[in-house]
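Have a look at the structure below before the remarks.
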Amino acid sequence: VIFDKLGEDVSITETNGRFHIRFDAAVSDGFVFWLLSLGNQVEVIEPLTLRDHMRQTIESMAGRYSKASIH
């Protein structure tokens, strides 16, 4: 999945069963939504601006569903 989206110009290291992937990418809503589509299989460590953007998007989505049913 990573290579399909990012190509082969990525750095991958493995530590204690976790993979750390480093790459250059332009941040866009499409990129954020792609990361979110990977669910809890991915965690953005840095840059912190992208991590914050991910958190804000997740909180906004959770807020939409935390309200009582509209029916």
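The values are calculated or read from the model by the stated rules, or taken from the named source; none is laboratory data. Predicted model, so just to flag it, every value in this text is computed and none were measured. FYI the Cβ positions are ideal-geometry reconstructions off the backbone, even for glycines, and counts take in every protein chain you see. With ligands, DNA and RNA removed, areas are computed over all heavy atoms of the protein, side chains included. Shrake-Rupley method; radii C 1.70, N 1.55, O 1.52, S 1.80 Å.
Scanning the range 6-25 for residues that are without any contact (Cβ under 8 Å) to a residue 12 or more places away in the chain and small (Gly, Ala, Ser), we see that the one that is least open to solvent (accessible area, probe 1.4 Å) is GLY7. The residue that is nearest to the chain's Cα centre (by Cα), counting only those in the range 47-71 that are aliphatic (A, V, I, L, M) and assigned to a helix (DSSP H, G or I), is MET54. Against the test of being open to solvent by 90 Å² or more (accessible area, probe 1.4 Å) and not small (Gly, Ala, Ser), the options PHE3, PHE31 yield a single qualifying residue, PHE3. Can you pull out the residues in the range 8-24 that are at pLDDT 90 or above and either assigned to a loop (DSSP other than H, G, I, E, B) or among the small types (Gly, Ala, Ser) (or both)? Within the range 8-24, ASN16 is the sole residue that qualifies.
Of the listed requirements (1) open to solvent by 90 Å² or more (accessible area, probe 1.4 Å); (2) assigned to a loop (DSSP other than H, G, I, E, B), VAL44 misses just one: (1). Is it true that some residue in the range 28-36 is at pLDDT below 95, of a type in the set (Gly, Ala, Ser) and within 15 Å of ILE2 (Cβ to Cβ)? Within the range 28-36, not a single residue is at pLDDT below 95, of a type in the set (Gly, Ala, Ser) and within 15 Å of ILE2 (Cβ to Cβ).
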